[in-house]
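Heads up, the thing below is written out as structure tokens.
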Amino acid sequence: MEFISSFREAMLNLLSAKLRSFLAILGVLVGTGSVVALISSSQLATAHALLQFKTLGTNLISLYLRDESTGEKSGQSKEFKLTDVEQLKKASSQIVLIAPYTIGFQSMFYGSTPINGQIIGATESFAKIAKVDLSSGRFVSYIDERNFFCVIGAKIADMIKKSTLNPLYTQIRVGDVFFTIVGVLKPWPENFFISADINNSIIIPLRASYFLDKDTHIDNILMRLIQNPNINLVKTQISATMTEMLPKKKIVFNSPEQLIHLIAKQRQTYTYLLIAIGSISLVVGGIGVMNIMLVSVVERRREIGIRMAIGARQSDILRMFLIESIMLTVFGGFLGVVFGIFTSYILAVFSHWHFYIYGAPVVLGFVVSLIVGIFSGFYPAWRASKLDPILAMLS
Amino acid sequence: MIRLVDVKKTYRMGGNDYQALKGINITVAKAELVAIVGASGSGKTTTMNILGLLDKPTSGKYYLDNIDTSEFTGDKLAALRNLRLGFIFQQYFLLPKLSAIENVILPLTYRHEEKMSMHDMKQRAHDMLKIVGMEKHGDHRPTELSGGQQQRVAIARALVGKPSIIMADEPTGALDTKTSQQIMDLLKDQVEQTETTVVIITHSLELAAQCQRAIHIRDGLIQETA
């Protein structure tokens, strides 16, 4: 009951100086809003990055082959061949599927229109591991061997569709060779785990890539493992087999687990930075509230004196002003949380991220605005409580 | 009830000491209506502040209901003011944001020794407004009331805590003759009906004449008691 009466009285006092209260709320709103928007957006960005890996699954591993001597890309040493796949698969019982692939560049034309993009030499396993879906036609397969068939990425398909309604079975010239389009891919969500830009690529049979460029080598190998694999064990097993097969090669491993861990670590640092930036505006908002409360104390000196004369204790006066400042900042904090979430929603919409409301920024926004209310309100409230009732009444 | 013993009060003003009270002795009994009379600067307001526990004497003793208040500070003085004293001021000093009944309730909300429900507080405040003839104006803001009506509300506020003493500083100073008389009658009724002690601080001899006793102060000293 006492709380309701204090709350009601604080409301009356705040409403009697509407513009001032509004400005104080605005300061806290901007501060809390910044903190919530920054943290929330950072979390959404992280979730988006993690989603890429989670879409493919975490039971993946990729190998990148380099020459051990120079650290440069494959050169004179013995190269990984398609025929080595079976031997590599025997390295660990946890390996389910292997997809070696090449990435090359050649001048490409559709009719007379130049096409900018990568040429990926792959097997059908690549489509399964990278989860590329077809919008029409089929993917390249072992049957194609060295045949000049290709599958085109979504962006290249869009470009071709400007001149031909159905690109299937039309031809793309790569260097001096014509490749017949046998499949068109759906847009592929980009993924840092796979270095190729599939949407901007044509995918040809792996053996055909050797024909295009004799220096083409398999530098990248994707592997799908069993569910919940022991990644470290697989790495050790693969390293042992690869050292035996290709002694001069250095293998760089990459796994979604590794990348997720890295992202999470980066996010933590980034979040601290954002909190620090947001806190600056919150401190400014807090100073605004303190300033406004100090003015309020000066203006209400007579009221304070009257209250003291009729028996209000110092703690009563202190509490009265503290409740007012806390109400200002908590209300500002509430609006700030709504504003922050809305801002991150807008950002998510424009960035094509999935939108979630995270609990942490919301709770943090409220708690911090409460703390700001206590800190910025305490000094003015303390000053009010220390006023001399006679002097205060005469003012 | 009230006993001031050789009370002195010295203020420091601009590096000089100014002695507002030079050793006064006052005794007021229960259910007495007493006026403290003096011209401007005589020390009557200082006396009122000390009697009202708003200020402390530099030396001397102040006994309120036989309690030596000299050693009391801050919150203890506030509690004593709330429990035993009621104030009426010349400028009424009602809070403009609150309605008449809310102004009357205010002292009860600061009564930590005796917690009352909001319903009981409202009932008590309503009863007090009825005593001063303002029960129909409970929801009015002070700005919607005349000077006389505001002073009635202020009297209700002074009475609501059932104090043993009411301190009234020029209670009719801002009112016309007719309203002034009504206010004085109200205070006299309180003395008779509830045995409350009323101390009126005034410069008006006419007002003092209506009291049972008048204490004249001049230059910080008591001149005569009539």
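Read-outs: derived from the displayed coordinates by stated rules, not from any lab. Please read all numbers here as calculations on a predicted model, not as lab measurements. As a convention, Cβ positions derive from the backbone with ideal geometry for all residues, glycine included, and neighbour counts pool all protein chains shown.
Here are a few things to note about the model shown:
- Residues in region A:356-395 that a label on A:Ala17 would reach, taking backbone N under 18 Å of a point 7 Å out along Cα→Cβ: A:373-388, A:392-395
- Here the extension length gained between A:Trp382 and A:Lys162 equals 71.9 nm, from 0.36 nm per residue of separation less the Cα-Cα distance.
- Note on the protein assembly as shown: with charges restricted to the Cβ of Lys and Arg (+1) and Asp and Glu (-1), its dipole about the Cα centre is near 720 debye.
- With a Förster radius of 51 Å applied to the C-beta separation of A:Leu370 and A:Phe109, the computed FRET efficiency comes to 0.20.
- Cross-link reach is defined here as a Cα-Cα straight distance under 25 Å, omitting same-chain residues fewer than 8 places apart; for A:Lys128 the lysines meeting it are A:Lys54, A:Lys81, A:Lys89, A:Lys90, A:Lys155, A:Lys186, A:Lys235.
- Against chain A, whose longest principal axis comes from its Cα atoms, helix A:359-385 is set at around 20 degrees.
- Per residue, chain A reaches -18500 deg cm²/dmol at 222 nm when only DSSP H runs of four or more residues are counted, each adding -39500 (n - 2.57).
- Each Lys and Arg adds +1 at its Cβ and each Asp and Glu adds -1 at its Cβ; summed about the Cα centre, region A:59-254 shows a dipole of about 260 debye.
- In order through region B:102-111: 3J(HN,Hα) via Karplus (6.51 cos²θ - 1.76 cosθ + 1.60), integer Hz, x for Gly, Pro: 5, 5, 5, 5, 2, x, 5, 5, 9, 8
- Charges were assigned to the Cβ only: +1 to each Lys and Arg, -1 to each Asp and Glu. The resulting dipole of region B:96-140 about its Cα centre is roughly 60 debye.
- Dipole of region A:59-254, positive direction: furthest Cα of A:Asn228, A:Ala130, A:Pro167, with charges on the beta-carbon: A:Asn228
- The length gained on full extension between A:Thr243 and A:Lys89, counted as 0.36 nm times the residue separation minus their Cα-Cα distance, comes to 54.0 nm.
- Least to most buried among B:Leu145, A:Leu328 (fewest other Cβ within 10 Å first): B:Leu145, A:Leu328
- Counting only residues at least eight positions apart within a chain, or on another chain, the lysines with an alpha carbon under 21 Å from that of A:Lys18 are B:Lys97.
- Database remark: amide H of A:Gly121 closer than 5 angstrom to the amide H of A:Thr102, A:Ile103, A:Gly104, A:Ile204 (H placed geometrically; neighbours at sequence offset of 5 or more, or on other chains; Pro and chain starts carry no H).
- Each Lys or Arg adds one and each Asp or Glu takes one away; over the other residues whose Cβ falls under 14 Å from the Cβ of B:Leu33, this sums to -2.
- Residue among B:Arg213, B:Arg12, B:Arg81 with the largest mean-square fluctuation in a Gaussian network model of chain B, springs linking Cα atoms under 10 Å: B:Arg12
- Applying the Kirkwood pairwise sum to the alpha-carbon positions of region A:59-254 produces a hydrodynamic radius of 17.3 angstrom.
- Set of aspartates and glutamates with alpha-carbon distance to B:Lys76 below 20 Å, sequence-local pairs under 8 removed: A:Asp316, A:Asp388, B:Asp55, B:Asp65, B:Asp68, B:Glu113, B:Glu114
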